[in-house]
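To start, the structure under review is shown below, and the notes come after it.
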Amino acid sequence: QVQLVESGGGLVQAGGSLNLSCEVFGSTFSKFHMSWYRRTPGKQRELVASITTGGSTNYGDSVKGRFTISRDNAKNRMLLQMNNLKSDDTGVYYCNAFFGYDNWGQGTQVTVSS
């Protein structure tokens, strides 16, 4: 069974940075299309960033130029570097691994104070 474990969330001031990590257990990491989603107060879940098995990336409009997604197949993990954080980035961030169906992590809270 696939298990996704996120880490790296926390409290940061506006303008600061955080790095999120998602480690995948129980399956071959390199086969998954990986993504970060978030659920922010008052909004539906939205795509933050995604990365294909080949390393191509895609970003939500609100994070372009501030966030960077990457993957390390050797370490079975995906990273999200978040810079210049804004209060609107506050929410729960979820890791998603897709290969035929979705696998989700438990989420990690990111809080940006203004």
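Bear in mind that the values in this text are calculations on the coordinates, not laboratory data. Quick caveat: nothing in here was measured; it's all calculated off a predicted structure. Heads up, the Cβs are rebuilt from the backbone with ideal geometry, glycines too, and the neighbour counts pull from every protein chain shown.
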Legend entry - For the chain: relative contact order, % (alpha-carbon pairs under 8 angstrom, 6 or more apart): 36
Legend entry - Stretch gain in nm, segment S27-R66, where the contour uses 0.36 nm per residue and the Cα spacing is subtracted: 11.0 nm
Legend entry - Count, lysine Cα pairs under 19 Å in region 12-114, 8 or more residues apart or across chains: 4
Legend entry - Kirkwood Rh and Cα Rg combined as Rg over Rh, evaluated for region 1-74: 0.97
Inset, instruction - Among T53, T68, T90, determine the one that fluctuates most according to a GNM of the chain built with springs between C-alpha atoms less than 10 Å apart. - result: T53
Legend entry - Selected from G15, G60, G100 as most flexible by GNM, with the chain as the system and alpha-carbon contacts under 10 Å: G100
Inset, instruction - Hand me the trypsin sites (Lys or Arg not before Pro) from region 38-76 located in a DSSP loop with no more than 15 other Cβ atoms within 10 Å, in residue order please. - result: K43, R45, K64, R66
Inset, instruction - Return the single residue from L79, L20, L11 with maximal mean-square fluctuation; model: Gaussian network over the chain, springs between Cα atoms under 10 Å. - result: L11
Inset, instruction - Rounded, prolate or oblate: pick one for region 31-71, where a ≥ b ≥ c are the square roots of the eigenvalues of its C-alpha gyration tensor, a/c under 1.5 means rounded, and failing that, prolate if a/b is larger than b/c, else oblate. - result: oblate
Legend entry - Cβ-placed point charges (K, R +1; D, E -1), dipole of the chain about Cα centre in debye, nearest 20: 80
